Amino acid sequence: MFNLSTKEVVLSIANAPVIREKQFVYQHYNNFFGNSDIAEENFGNLKFEKLENQEKYPRQRLSYNEKFSKQLQIFFMNRAITSALEEQYKTNLKFDSVDLWIDNKNYFLKPHVDNNSIKLSLQIYLGEDQPGTCLFENQQDKDPLYVFNFKNNCGYSMLLDGSSYHGLEYPVKRDGRTSLYVRYN
């Protein structure tokens, strides 16, 4: 079930330019996993659970007890991946965690900043035609500065601080918005 290439991911990170725009510092990825297509995995037979502090939202996370979750943890804590991100962003990073999320119909997060313990986040989309993550100038902003389109095997990484507002432009319209969300501190 697990067929991801560390080499492909390191190349994706190394080849994506770091963009500095307003208060944001990020990379935008296309074909992040190279020829490996994690979206073709069958997640239907795996156990998902609600996220702490998000029980009211229609979002589930792959259980940390699932073998696939443990494989993702080991994969993203690989020193080569962390080093590639450190080199691009010119900062020290330590792997924290990775989640496989499934957002269902009506899931929505208004512009927000993440927990200040997270220094860098990386999100890779597993599917098509869902709302992508948007960057906003502030919490009240309705018009995004930038949209990471929701395309399979694409996504972004971003340095986070108290002004890196991001969220969704509109609610999820159908079940199955699936993505990987990786945290580094």
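What is the sum of charges around D129, taking Lys and Arg as +1, Asp and Glu as -1, for the other residues whose C-beta is under 11 Å from the C-beta of D129? Walk me through the intermediate numbers first.
Working: positive: K151, K173, R174, R177; negative: E128.
With Lys, Arg at +1 and Asp, Glu at -1, the neighbours total +3.
Nonpolar atom fraction for segment 41-131, defined as the carbon and sulfur part of the 1.4 Å probe accessible area, stands at 46 percent. Under a Gaussian network description of the chain, with springs only between Cα atoms under 10 Å, the residue in N31, N53, N92 that fluctuates furthest is N53. DSSP finds beta bridges in the chain, and of those with both partners inside it, around 100 percent are antiparallel. Ordered by 1.4 Å accessible area with all protein chains kept, K110, K142 run largest first as K142, K110. Among the GluC sites (Glu not before Pro) found in segment 41-84, those both in a DSSP coil and sparsely packed, with 13 or fewer other Cβ atoms within 10 Å of their Cβ, are E52, E55. Taking a ≥ b ≥ c as the square roots of the eigenvalues of the Cα gyration tensor, segment 122-185 is oblate, since a/c reaches 1.5 or more and a/b is not larger than b/c.
Please give me the summed charge of the neighbours of K151: other residues whose Cβ is under 11 Å from its Cβ, Lys and Arg +1, Asp and Glu -1.
Numbers: positive: none; negative: E128, D129.
Residues near K151 contribute -2 overall.
Taking a sphere under 14 Å around the Cβ of K50 and counting the other residues whose Cβ falls inside, with K and R at +1 and D and E at -1, yields a net charge of -1.
Can you bin segment 59-184 into rounded, prolate or oblate? Criterion: square roots of the alpha carbon gyration tensor eigenvalues sorted a ≥ b ≥ c, rounded for a/c under 1.5, prolate for a/b above b/c, oblate for the rest.
On the way: a/c = 1.89, a/b = 1.17, b/c = 1.61.
Oblate, since a/c reaches 1.5 and b/c is not below a/b.
Extending 7 Å from Cα along the Cβ direction at N35 and again at V147 yields two label points whose distance is 3.4 nm. Think of it as helices only: each DSSP H run of n ≥ 4 in the chain is worth -39500 (n - 2.57), and spread over all residues that comes to -5000 deg cm²/dmol at 222 nm. Answer rounded, prolate or oblate for segment 67-126, using the Cα gyration tensor with square roots of eigenvalues a ≥ b ≥ c: rounded when a/c is under 1.5, else prolate when a/b is larger than b/c, else oblate. Oblate shape, in that a/c is at least 1.5 and b/c is the bigger or equal ratio. Cross-link pairs exceeding 29 Å between alpha carbons, from the set K110/K151; K7/K142; K50/K173; K22/K105; K56/K90; K67/K151: K7/K142; K22/K105; K56/K90. Residues whose amide H falls under 5 Å from that of F150, counting only those 5 or more places apart or on a different chain, are Q130, G132, with hydrogens built in the peptide plane.
Our summary gives segment 82-179 a relative contact order of 40 percent, counting only alpha carbon pairs under 8 angstrom and 6 or more residues apart. Once C-alpha pairs closer than 8 Å and six or more residues apart are averaged by separation and normalised to the residue number of the chain, the relative contact order reads 27 percent. Stretching D129 away from K70 to a fully extended chain increases their span by 18.4 nm, per 0.36 nm per residue minus the current alpha-carbon distance.
The values are calculated or read from the model by the stated rules, or taken from the named source; none is laboratory data. Note that the structure is a prediction, hence the values are computed from the model and not measured. Here the Cβ is made from the backbone with ideal geometry for all residues, glycine too, and neighbour counts use every protein chain on show. SASA here: full protein model, heavy atoms, side chains in, ligands and nucleic acids out. Shrake-Rupley method; radii C 1.70, N 1.55, O 1.52, S 1.80 Å.
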